[in-house]
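Notes for the one structure printed next.
Read-outs throughout are calculated quantities, based only on the coordinates presented, and are distinct from any laboratory measurement. For clarity, every value in this text was computed on a predicted model and none was experimentally measured. Positions of Cβ are backbone-derived with ideal geometry, glycine not excepted, and every protein chain shown enters the neighbour counts.
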Amino acid sequence: MSELKNDRFLKALLREPVDRTPVWMMRQAGRYLPEYRERREQAGSFMDLCKNAEFACDVTLQPLERFELDAAILFSDILTIPDAMGLGLYFITGEGPKFEKTIRTAKDVDAINVIDGEKDLGYVMNAVRTIRKELNGRVPLIGFSGSPWTLATYMIEGGSTREFRHIKEFMLTQPEAMHELLDKLADSVISYLNAQILAGAQAVQIFDTWGGVLSGPLYQEFSLNYMKKITAGLLRENEGRRVPVIMFTKGGGQWLPDMAAAGADCLGLDWSTDIGMARQLVGDQVSLQGNMDPSMLFAKPDRIRQEVAYILERFGKGNGHVFNLGHGISQFADPEHAKVFVDAVHELSEPYHK
């Protein structure tokens, strides 16, 4: 593997000194880029794009050609694991992901098996290996997975939801089956992320998109406990280097001290949490990633720069900040505004590292 030319991102995750704050964007390879839309059309479908290693590599690298980003993130989807479990993932334009089969009973849970990351999701590992080769040490590659709770939400609801009725009913009326499902998912995520690491991912992120819909005790029991299990089961060193783990619970700002003790190296923040307050709460236990509101990219360039300056000031001087949006970039964002954002982070952060 090529020597890493820019390791600013990995250093910041481990709270090591850097010359400026590294930046990347969640969903940075996506529909806001015209070149992505063109490649997606060529592929035929979203899943065909994911399963073609050359196409997945191409779209992973597209944002790096436009912006001075400090990391690439594997182009894939969080729902690859339920798909590999036989639930039949498909996408309807404008409606998002759907499953042919749903999990609604203990019998349904018994019928699914823990997946083997390399064997059952080999196309993802092929993409990781292809991307690492093409990156040639330019920036680190991030691998990722959905959290067990988030994956279970889609599996039980059968797709996206605003009510969370079926999963909350399942959790409250069939807690044993719920725990069995989450356990199988945690074991699957461990296998999946470890396979990504061995294939070349240099950091990994756990996306707990729906953890914030739970109350505190239920979050601990049904989401955080399983992310703890994952962090304990991951390979934390590969290619002679530490492999940092980022844990991101959207809507989880009120649980930061508990999350900081869960074994990850970095906590992702959404835009509803003040990063200065978050830093006070977690101290130097973990680094922090975030957390500009993605809708700020609809603002004029001067306002974007102002917001970047504010977040940098709130975090303050010192190590352990990876700049990012508080969630994925909007498909309606102007790529030129994304460039203003990335450039502003690099330009305005230098004084905080002297």
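Things worth noting here:
- For the pair segment 12-79 and segment 301-354, the centres of their Cα atoms are 18 angstrom apart.
- The chain: most fluctuating residue of A344, A127, A111 per GNM, C-alpha cutoff 10 Å: A111
- Summed residue charge, Cβ within 13 Å of L4's Cβ, Lys/Arg positive, Asp/Glu negative: +3
- Helix 148-157 vs. the chain, principal-axis angle (Cα, 0 to 90°, nearest 10): 50
- Residue pairs, from the table K98/K300; K51/K98; K98/K229; K51/K133; K229/K317, whose Cα atoms sit over 25 Å apart: K98/K300; K98/K229; K229/K317
- A crude spin-label estimate for the pair A261 and E176, with each label 7 Å from Cα along the Cβ direction, gives 3.0 nm.
- Tilt relative to the chain, helix 301-315 - C-alpha long axis, 0 to 90 degrees, to 10: 80
- Theoretical FRET efficiency, 1/(1+(r/R0)^6), r = Cβ-Cβ of E313 and E38, R0 51 Å, to 0.05: 0.85
- The chain: most fluctuating residue of A43, A152, A264 per GNM, C-alpha cutoff 10 Å: A43
- Of the residues I230, I190, I311, the one that moves most in a GNM of the chain with alpha-carbon contacts below 10 Å is I311.
- Long pairs among K11/K228; K228/K250; K107/K184; K5/K119; K11/K354; K250/K354, criterion Cα-Cα beyond 20 Å: K11/K228; K5/K119; K250/K354
- Loop-located GluC sites (Glu not before Pro) across segment 101-170 with a Cβ neighbour count of 11 or fewer within 10 Å are E163, with loop assigned by DSSP.
- Cα→Cβ-extended label distance, 7 Å offset, between F164 and E347, nm: 4.0
- Extension gain from E118 to Y90, taking 0.36 nm per residue of separation minus the Cα-Cα distance: 7.9 nm
- The chain: angle of helix 122-135 to the longest principal axis, Cα-based, in degrees nearest 10: 10
- Antiparallel %, DSSP beta bridges [both residues in segment 8-353], to 5: 25
- Taking the fewest neighbouring Cβ atoms within 10 Å as the starting point, the ordered list for V342, V308 is V342, V308.
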